[in-house]
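A short write-up of the structure that comes next.
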Amino acid sequence: NLRSHLAWAIGRIGGRRALPPLRRAVSGNDLGLAVAAAGALAFFGGLLLLGKFLAFLIASLLSYLLLRHFTVPFGTRAVSSWGRNALLGLIPLIVVPVVCVILLFTLVGALVGIIGFVGYALLLLVAHVFASIVAGGILSKIIVKEIRVSIAWIILGAIALQVLVAIPFVGWIIIFVVYLITLGTFGKMLVEWFSHAHNGDTSSHPDVG
């Protein structure tokens, strides 16, 4: 019955086995059963979205607290030259996967292509974490007329990105631009870091500005 289905499903929130009985309930002829099951599915979906939001927010805050010497100049540089950084972000977003696909069709480069795809996935994951830092910096620039990277602004940035997801087209475009800015800044600072390392200055990091 409905109560047993819901009780068992709620007891296994996030588990795949919680979904089949609810799907069967939705496909049934009992309207009340279907409505209740649909509500339960929406509840589970909301929990998953909330969990994802909190996970990436915590990751952003930990990155700020543990890597402040990197995240503060990162956020400042990302916002101060956001247009150029957004254009640079197109390079890793488009060029890297294309190159990896080409390498997969070569005997020698297949392994490099696979490694490249793994690195690409990690880069997108890191960009997702750092996007809240960039969004917070943009908000601080708009509201207080200066770029700030702090716990409060990172939280506001994460909330702003979550709100923009619910705004079709315009919100999605803004989020896409934020991700491009993040990717472009990340790529530029990595290149500068490797340049310092190549010159034997591994202790320094790129200056702000």
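The values are calculated or read from the model by the stated rules, or taken from the named source; none is laboratory data. From a predicted model like this one, the values you see are computed outputs, not experimental measurements. Using ideal geometry, Cβ is built from the backbone for each residue, glycine included, and neighbour counts are taken over all protein chains shown. Surface accessibility is based on the protein's heavy atoms, side chains included, excluding ligands, DNA and RNA. Shrake-Rupley method; radii C 1.70, N 1.55, O 1.52, S 1.80 Å.
Here are a few things to note about the model shown:
- Distance in nm between pseudo-label sites at H128 and V108 (7 Å out along the Cβ direction from Cα): 3.5 nm
- Modelled label positions at I167 and L50, each set 7 Å beyond Cα in the direction of Cβ, lie 2.5 nm from each other.
- Global form of the stretch 63-209, assessed from the alpha-carbon gyration tensor, a/c cut-off 1.5: oblate
- Within straight-line reach of K188, meaning a Cα separation under 24 Å, sit the following lysines at least 8 residues removed in sequence or on another chain: K141.
- Our estimate of slack between F176 and L67, defined as 0.36 nm per intervening residue step minus the Cα-Cα distance, is 36.8 nm.
- For I94, the solvent-accessible surface computed with a 1.4 Å probe is close to 90 Å², ligands and nucleic acids excluded.
- Taken along the Cα-to-beta-carbon direction at a fixed 7 Å, the label points for A197 and I159 span 3.8 nm.
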